[in-house]
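Heads up: the structure comes next, in structure tokens.
The values are calculated or read from the model by the stated rules, or taken from the named source; none is laboratory data. Keep in mind that this is a model prediction, so the values were computed, not measured. Here the Cβ is made from the backbone with ideal geometry for all residues, glycine too, and neighbour counts use every protein chain on show. Keep in mind that these areas ignore ligands, DNA and RNA; they rest on the heavy atoms of the full protein, side chains included. Shrake-Rupley method; radii C 1.70, N 1.55, O 1.52, S 1.80 Å.
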Amino acid sequence: MRFDLTDLRVFLSVVECGSLTGGARAMHLALASVSERIAGMEETLGAPLLERNRRGVRATAAGEALVRHARTILGQVEQMRGELRTYATGLKGRIRLLSNTAAMADFLPPQLCRFLAAHPDLAIDLEERPSLEIVQALADRRADLGMVADVTDLGSLQTHLVASDQLFVVVGRAHRLARQQDVVFADILGEPIVGMKDTALETHLSERAARLGRQLDYRIQLRSPDHVGMHVAAGIGISILSGALARTLRHDLAVLPLAEAWAARRLYLCSRDFAALTPHAALLAQQLLERTP
């Protein structure tokens, strides 16, 4: 069985567009050329790959299997090209790392600084994303490594526990809760909330509130911890933050532990397959795992 990369791209384009005409247009090829390639693939395989109907085409069972393999193969080819492209720019390796807010605020900065100082020929593409998006990006091979919290379903990813993080309630000094030693979640469900733009944490807190028959009242959600602190200090509402973020607040605020067992979050280093990492991504993973509790 011999399919070239163009065959695979053409086939995927046809399936995704739902028609031979649409696939040909997307690939900037003549319709006859696309039809000939598909027919050649079906002849080589000995089984039909597409079902024709009034609306266009759809993949057969054999076609669906080919779709899965084609996406894997083409994804690996793009990854190879990306890695080789770094040599043309003078870099010998580039690592794609995604991190949630909590890990970005506390765990990662000193680790990445030490890693880059020790490996001057390597570079890191670092992006901050909610844990939910990181899990999907890793599953889709759009990143090498990810740092996520356990408030997200980690699916089939391989994981290593690297750090723990506690949730805190942040209130103004004049707030009724400010003099307490800790706060029970049920006691703040009637309060207006100033939130961080962290989809995974928001979902987790909303689920906890729903179990109590309540919902959180978000007045505003912001991306900067400093802006969250500013709003809390101004009496706009209270906030629930990770310990890593709470420690960065510069305003005069009361920071109280959230007294719930589930408020102790764990941070995981994740990969689709640690054994299949590029050598430079494996080096970074090895260093981050040195901090494993």
Consider residue 190 against the criteria (1) open to solvent by 40 Å² or more (accessible area, probe 1.4 Å); (2) touching a residue at least 60 places away in the same chain (Cβ under 8 Å); (3) more than 29 Å from the chain's Cα centre (by Cα): it satisfies all of them except one. Which criterion is unmet? (2)
Answer yes or no as to whether residue 207 is at pLDDT below 95, within 29 Å of the chain's Cα centre (by Cα) and crowded, with 18+ Cβ neighbours inside 10 Å. no
Hey, residue 213 of a type in the set (Gly, Ala, Ser) and open to solvent by 60 Å² or more (accessible area, probe 1.4 Å) or not: yes
Keeping to region 109-126, report how many residues are crowded, with 16+ Cβ neighbours inside 10 Å and under 18 Å from the mean Cα position of the chain (by Cα). 1
From the list 81, 96, pick out the single residue that is open to solvent by 10 Å² or more (accessible area, probe 1.4 Å) and at pLDDT below 85. 81
Restricting attention to region 38-50, which residues are exposed (fewer than 12 other Cβ atoms within 10 Å of the Cβ) and not small (Gly, Ala, Ser)? 43
Any pair with Cβ under 8 angstrom, 6 or more apart, that starts in region 137-152 at a residue that is among the acidic types (Asp, Glu) and ends at one that is part of a loop (DSSP other than H, G, I, E, B): 144/277; 144/278
Quick one: residue 236 ticks every box in (1) at pLDDT 95 or above; (2) over 24 Å from residue 130 (Cα atoms); (3) in contact with a Leu (Cβ under 6 Å, 6 or more places away or on another chain) bar one, so which box is it? (3)
How about region 136-157: which of its residues are closer than 10 Å to residue 100 by Cβ and not in a strand (DSSP E or B)? 151, 152
Flagged in region 198-240 as of a type in the set (D, E, K, R) and closer than 15 Å to residue 167 by Cα, in numbering order, are 198, 202, 208
Go through region 249-291 and count every residue that is more than 21 Å from the chain's Cα centre (by Cα) and over 30 Å from residue 179 (Cβ atoms). 3
Is it fair to say residue 77 is farther than 29 Å from residue 278 by Cα, in contact (Cβ under 8 Å) with a residue 40 or more places away in the chain and either part of a helix (DSSP H, G or I) or under 36 Å from the mean Cα position of the chain (by Cα) (or both)? no
Selected residue [open to solvent by 80 Å² or more (accessible area, probe 1.4 Å), within 27 Å of residue 140 (Cα to Cα) and at pLDDT below 90] from 55, 68, 2: 2
Taking region 3-37 only, how many residues are more than 35 Å from the chain's Cα centre (by Cα) and under 16 Å from residue 70 (Cα atoms)? 1
Quick one: would you say residue 218 is out of contact with any helix residue (DSSP H, G or I) (no Cβ under 7 Å at 6 or more places or on another chain) and either touching a residue at least 40 places away in the same chain (Cβ under 8 Å) or charged (D, E, K, R) (or both)? no
Among the listed residues 285, 244, identify the single one that is open to solvent by less than 50 Å² (accessible area, probe 1.4 Å), within 22 Å of residue 94 (Cβ to Cβ) and among the small types (Gly, Ala, Ser). 285
Taking residue 226 as the residue in question, decide whether it is at pLDDT below 95, of a type in the set (Asp, Glu), on the phi < 0 side of the Ramachandran plot and in contact with a Ser or Thr (Cβ under 7 Å, 6 or more places away or on another chain). no
